Amino acid sequence: MCEVRVIYHSSRGHAEEAAQAVADTAGVSAQDITKPHVLPGADLLLIGAGLESGHEDRLLLDYLDHLPAGAFRGAAVFLSCFSGREAGELLFNVLQHKGIVVYPEICRLKVKRFRLHPHPDRKDLDKVCQWTSRVLADYTG
Ligand SMILES: Cc1cc2nc3c(=O)[nH]c(=O)nc-3n(C[C@H](O)[C@H](O)[C@H](O)COP(=O)(O)O)c2cc1C
């Protein structure tokens, strides 16, 4: 059986909502990294955040940098962002530096910039749930 943890950092609640959907799909609970917690090691770490001013979330990067080596075998990343086409490299680097195998497909939930549109919407949440199922199947299969 593949043991899974879901962690996130969310300034405006978007990545948090996505993380709840990811965690529901994986059958676990989602952990906000800014709240007191203990993160036990696992096979797979699912990681969510937003982007700000072209940067990946500094707090999240720092958190990942301090994970104990060997605590996680694999990881996968979901981002809530305007576009974030280039984003992800720093997260990948930090994780790979820890010896963690990173799932190559980042799930990007795109904010609709110029519309009064709830985000993430049902379509976004379906997308991140399907991505989670694919990640889990690939890690357990
Ligand atoms: C001040 C600010 C700067 C942002 N900068 C970027 C950016 O550079 N690239 C991007 O793709 N999205 C950017 N966004 C969009 C956020 O990543 C997006 O709103 C995301 O859903 C926030 O997630 P959160 O609510 O989980 O923090 C920015 C949003 C704000 C408010």
Calculated FRET efficiency for the pair K112/S11, C-beta based, R₀ 22 Å, to 0.05:
0.75
Length released on extending from D126 to E105, taking residue separation times 0.36 nm less the Cα-Cα span
6.0 nm
Cβ-based net charge around S133, under 13 Å, with every Lys or Arg adding one and every Asp or Glu removing one
-2
Whole-Å semi-axes of the chain's equivalent ellipsoid (Cα gyration tensor)
22, 17, 14
Which one, G27, V111, L51, is farthest towards the positive end of the dipole of the stretch 4-140 when Lys and Arg carry +1 and Asp and Glu -1 on their Cβ?
V111
Peptides ranked, highest mean first, by Cβ atoms within 10 Å: ranges 1-11, 97-107
1-11, 97-107
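Determine the sum of side-chain charges near L45: Lys and Arg each +1, Asp and Glu each -1, restricted to other residues whose C-beta is under 12 angstrom from that of L45. Kindly include the intermediate steps, with their values, before the conclusion.
Details: positive: R5, R73, K98; negative: E3, D43.
That sum, taken over residues with Cβ under 12 Å, equals +1.
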Which of the listed residues, A18, A42, I100, is farthest toward the dipole's positive end in the chain, when Lys, Arg count +1 and Asp, Glu count -1 at the beta-carbon?
A18
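If you look for lysine pairs in the stretch 17-141 that are eight or more places apart or on different chains, how many of them have Cα atoms under 25 Å apart?
Within the stretch 17-141, the lysine pair count is 5.
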What whole-number distance in Å separates the alpha-carbon centres of the stretch 1-66 and the stretch 100-141?
13
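Every number in this text was worked out from the coordinates using simple rules, so none of it is lab data. Quick caveat, the model's predicted, so the values are computed rather than measured. Backbone-built Cβ (ideal geometry, glycine too); neighbour counts: all protein chains shown.
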